[in-house]
Amino acid sequence: MQFSGNKRRKLKLAGDQKNACYPHSLQFYLQPPSENVSLIEFENMAVDRLKLLKVVENLGVSYVKGTEQYQNKLESEIRKLKFSYRENLEDEYEPRRKDHISHFILRLAYCQSEDLRRWFIQQEMDLLRFRFSILPKDKIQSFLKDSHLQFEAISDAEKTHRDQDIIASSSSGGIKLDLELVYKVPFADALDLFRGRKVYLEDGFAYVPSKDIVAIVLNEFRAKLSKALALTTRSLPTVQSDERLQPLLNHLSHSYTGQDYSAQGNSGKISLDQIDSLAAKSFPPCMRHLHRVLRESHHLRHGGRMQYGLFLKGIGLTLEQALHFWKQEFVKGKMDPDKFDKGYSYNIRHSYGKEGKRTDYTPFSCMKIILTNPPGQGDYHGCPFRHSDPELLKQKLQSYKVSPAGISEILDLVKGSHYQVACQKYFEIIHKVDDCGFSLNHPNQFFFESQRMLAGGKDPKKEPGLPETPQPRPGAAGTPKAREAPSALPALSSSMEVDLEGLEAPSALPALNPSMEVDLEGLEAYFSS
Ligand code: SF4
């Protein structure tokens, strides 16, 4: 990656050249981008694509893929985020360029672990499946050719010659097959169809009707993307050594693109006496579990204190209340009050921005909880949908009075790695609504949506689209000062337990210098080395 402060190389393309760059509304992303974009544009594109992929995930588990409702909702979200989706639209250069560049940026962010790669590939495949499904038939052949997929539609004469065999071997299940287009595909590329006995084979070629060609296209896409991500992973040490790029990409991969749920505006709105009943009614399972363990064992280890303490701060516990709450519990657990004051209270004040760098830390998002710092033995933090054994999760849900049908729905979602959607389903079940109306991204969002419902019997807020990208708050989240890593503490007693390493700066992305540019040509090395 190269950054260039003054050498600007903007691509100025005439209409025809633009069309040549992106001839279709969908892409196989074979070539990395090679132009300069500002860091701000780089970030904006990446955040928008992340929002898009989250929509794809949510719709994919809320609706049957390919149904009219699914198609309409997805199309409307893609349009809102200004990505390409249909052929034959005017002025499609910018949406297609954005699609191209943002895909490659997220490759860098999402190649970093097996979980991230799997999630990214799944959402990208669903997006491609949607776009392919609305591609006009007369454009399919040229899209295949541009994507280096050498599948030729056979001639009418050839079709007539084989149509009975093709229909007899297809998976039409008695439905009249549309043989308008039939592709001749090398046998090796149609193995899945062959295994399912869904395709006619002759002389090493499969004859695939247009309705099945998408399966082959998606297989190719998955294989190429999976290989590309593996290659990009090898470049991680280089990427991670880039001090400007690395924090941005890290934030993206753990990123959460919504509100930061800091305590602002809520501080002091709950009393300590309310916490037990709020935990039962409105806490998400991760926090409900931490609360129960704290009440029972009067102690939580580092990860649990961080996750739960910042959540409580976000729902409105003041610093004084937090000090009282934690001290009361720890002293019940036989901790010397003096030890608590010397060790733990410093950490609590620190998380409220009253010590050290005075950073006003924000509560953890679901992405952060799910993807970082998994719980070890004796830990109770993390996300139960991600980190609990399915049998334990089942027992926990039973204890929360979730019906057997609800439990099985939740476990199915967990099996498909849709942890946040599983939590959303839990929300719907305990609040007795069919559609919660929001995409869950944050434990504090769960709490506020629950309170909103319980307060006025109102429906939960319908999402006007997607959450806003977090904006740095003056003097706190997102400002350069706030973003600095917590410094080493002033000399502390060796008996004190230092609780700072889990504190992360507020969730806003690093502030970027708008005059900085990213030379995307330099990215190429990360995708092909
Ligand atoms: Fe908590 Fe989010 Fe997991 Fe729900 S999905 S339990 S809110 S981390």
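In terms of Cα atoms, the Rg and Dmax of the stretch 40-129 work out to 13.0, 39 Å. Given their separation in residues at 0.36 nm each and the Cα-Cα distance between them, Gln71 and Asp341 gain 91.5 nm when the chain is fully extended. Across q = 0.14 Å⁻¹, the stretch 306-346 modelled as identical point scatterers on its alpha-carbon atoms has Debye log10 I(q)/I(0) values of -0.30, in the order of the q list.
How about the stretch 96-186: which GluC sites (Glu not before Pro) there lie in a loop by DSSP and see at most 13 other Cβ atoms within 10 Å? Passing both the DSSP loop test and the Cβ count: Glu180.
Sorting 195-208, 230-243 by average packing, meaning the other beta carbons within 10 Å per residue, from highest down gives 195-208, 230-243. Shown in residue order for the stretch 381-393 are the 3J(HN,Hα) couplings computed by the Karplus curve 6.51 cos²θ - 1.76 cosθ + 1.60 at θ = phi - 60°: 7, x, 10, x, 6, 9, 9, 8, 4, x, 5, 5, 4 Hz (x for Gly and Pro).
So what is the diffusion coefficient of the stretch 310-375 in µm² per second by Stokes-Einstein at 37 °C and 0.692 mPa s, using a Kirkwood Rh over Cα pairs?
For these conditions, the coefficient is 253 µm²/s.
What percent do you get for the relative contact order of the stretch 93-195 when only Cα pairs under 8 Å and 6+ apart count? Dividing the mean separation by the residue count of the stretch 93-195 yields 20 percent. If I model a spin label at Tyr93 and Ser142 as a point 7 Å from the Cα along the Cα→Cβ vector, what separation in nanometres do I get? About 1.7 nm, to one decimal. In order along the stretch 148-154, the phi-based Karplus estimate (6.51 cos²θ - 1.76 cosθ + 1.60, θ = phi - 60°) of 3J(HN,Hα) comes to 6, 9, 7, 9, 9, 6, 7 Hz; Gly and Pro are listed as x. Taking a 25 Å limit on the Cα-Cα distance, which of the listed pairs Lys54/Lys269; Lys73/Lys198; Lys159/Lys211 fall beyond it? Over 25 Å Cα-Cα: Lys54/Lys269; Lys73/Lys198. If you look at the Cα atoms of the stretch 91-141, you get an Rg and a Dmax of 13.3, 39 Å. Treating each Cα of the stretch 319-462 as one equal point scatterer and applying the Debye formula with no solvent, the log10 of I(q)/I(0) at q = 0.21 Å⁻¹ comes out as -1.24. The fraction of Cα-Cα pairs per 5 angstrom bin, counted from 0 for the stretch 19-177, comes to 1, 8, 15, 18, 18, 15, 10, 7, 5, 2, 1, 0 percent, rounded to whole percents. Stretching the chain fully between Lys334 and Arg349 yields a gain of 3.2 nm (0.36 nm per residue, less the alpha carbon separation). Which FRET efficiency value, to the nearest 0.05, is calculated for Glu152 and Leu231 with the Förster distance at 35 angstrom and r the Cβ-Cβ distance? Computed FRET efficiency for Glu152 and Leu231 comes out at 0.75. Take the Cα of His298, step 7 Å toward its Cβ, do the same at Thr238, and the gap between the two points is 5.7 nm.
Which value, in nm² and rounded to one decimal, describes the direction-averaged projected area of the C-alpha convex hull of the stretch 202-342? That works out to 16.5 nm². Each residue, Ser34 and Asp276, gets one label point 7 Å from its Cα in the Cβ direction; the gap between the two is 6.8 nm. Surface composition of the stretch 20-93: carbon plus sulfur atoms contribute 45% of the solvent-accessible area (1.4 Å probe, protein chains only, all chains present).
Local charge for Gly382 was computed over the other residues whose Cβ lies under 15 Å away, with Lys and Arg +1 and Asp and Glu -1, and equals +4. For the stretch 362-424, the solvent-accessible area with a 1.4 angstrom probe is 47 square angstrom per residue. Reducing the stretch 111-176 and the stretch 405-452 to their Cα centroids gives an inter-centroid distance of 34 Å. Centroid-to-centroid, using Cα positions, the stretch 281-358 and the stretch 183-236 are 53 Å apart.
Using a cutoff of 8 angstrom between alpha carbon atoms and counting only pairs six or more residues apart, the relative contact order for the stretch 199-338 works out to 22 percent.
The values are calculated or read from the model by the stated rules, or taken from the named source; none is laboratory data. The structure presented is a predicted model; accordingly, all values stated were derived computationally and were not measured. Cβ sites come from the backbone with ideal geometry, for glycine too, and all protein chains shown count toward neighbours. These area figures cover heavy atoms from the full protein model, side chains too; ligands, DNA and RNA do not enter into them. Shrake-Rupley method; radii C 1.70, N 1.55, O 1.52, S 1.80 Å.
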